[in-house]
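Structure, as structure tokens:
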Amino acid sequence: MDTLPIELHAQIFEYACADDGSAARALALVSRYVRAAAAPYRYQSLSVAGPDALAHLADTLAALPPHRRRIRRLFLSDRTHKNAVKAPTAPTQDDDCERVLHTFARVLALAAPTLECLAVLAAGPHTSTALLGQLLATPLPRLRALAAHGFYPFPHAPGVLPRLTHLRLSGNRNPHGLLELGGLAAACPALRSLHVGGLVAAATFAEEVQRALGAPADDPFARAGEEGALSPALHELALSTGPSPPNVRRHAAAAARHEKMCERLRKVAAAKQGSGMKVEVREDSVEKDMYKVLRKFVRGW
């Protein structure tokens, strides 16, 4: 250690602190010198879940000067992994609505200036839409990759995500309206890759995708897509379907809509082959652990 300059140590620590924050916490325990050299990178990559952890992070960041809270990669969940898996959409002890919304807003405001990659799991049934609405209305000037799971509203506020190139959305089974009226293009003008997941029986959204991409429509009288509905930079669209509703009498109509959606999306993907737009349809037969999926999204960036 004594033979290397502090600048080189700092560079090593910067690369080491690219996980969920564990490496930075471990380095802080090595020695006073290592703690001081690694201090600027202690919060550059974080994974935080549950109301208590969110509140602790908000208080910690608020007490730091701006140069010590340069967060680049961040995973936030309103629930712990245990509660997110045990009851994905049911109310749990994690659901202190006002507290979650307040602390999430504080963390986001403190992290916003430097964030480059962000993943948010909003599982609480009473706070999901409001929490993701806060997210999509907060200016994030440096953010390049965003993944959000929950019952999300559609991005629409102009200029809030000027550098975003990769967007992953899931949790809304039929996000009809997401691609229309130009809201997505206004909010994310640099968007290159869009992944919409968890689609179930979303026949109307499949029609919207078909119109937005200018793919041949089954209905000769179908209206064309809205001009400017998609960012001109967009060249990759991934569409993931969730498990089909059971094909029994009670769910027969939903199962039929699901198959119609899948068939239409397959046709759209086939029609766009060889064009400048890559369209991929992924059909998932089981529900995914979105907590793990989103954490992996951040680690892989």
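The values are calculated or read from the model by the stated rules, or taken from the named source; none is laboratory data. In this text the structure is predicted, and so the values were computed from the model without any measurement. Ideal geometry is used to build each Cβ from the backbone, glycine not excepted, and the neighbour counts take in all protein chains shown.
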Qualifying residue in region 48-63 (condition: in the same structural domain as residue 164 (by TED's automatic domain parsing), loosely packed, with under 12 Cβ neighbours inside 10 Å and at pLDDT below 90): no
Scan of region 260-301 for residues that are over 22 Å from residue 211 (Cβ atoms) and buried (at least 17 other Cβ atoms within 10 Å of the Cβ), ordered by number: 290, 291, 294, 295, 297, 298, 301
Within region 64-79, considering residues that are touching a helix residue (DSSP H, G or I) at 6+ places or on another chain (Cβ under 8 Å) and surrounded by fewer than 19 Cβ atoms within 10 Å (Cβ to Cβ), the one modelled with the highest pLDDT: 70
Given (1) at pLDDT 95 or above; (2) in contact with an Asp or Glu (Cβ under 9 Å, 6 or more places away or on another chain), number of the condition residue 200 does not satisfy: (2)
Hits in region 212-239 (condition: buried (at least 18 other Cβ atoms within 10 Å of the Cβ) and either under 21 Å from the mean Cα position of the chain (by Cα) or at pLDDT 85 or above (or both)): 212, 213, 229, 230, 231, 234, 237, 239
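Consider residue 84 carefully, then state whether it is closer than 22 Å to residue 299 by Cα, small (Gly, Ala, Ser) and at pLDDT 90 or above. Write out each step before concluding.
Working: closer than 22 Å to residue 299 by Cα: yes; small (Gly, Ala, Ser): yes; at pLDDT 90 or above: no.
For residue 84, the condition - closer than 22 Å to residue 299 by Cα, small (Gly, Ala, Ser) and at pLDDT 90 or above - is not met.
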Failed item in (1) at negative phi; (2) within 17 Å of the chain's Cα centre (by Cα); (3) touching a residue at least 40 places away in the same chain (Cβ under 8 Å), with residue 171 passing the rest: (1)
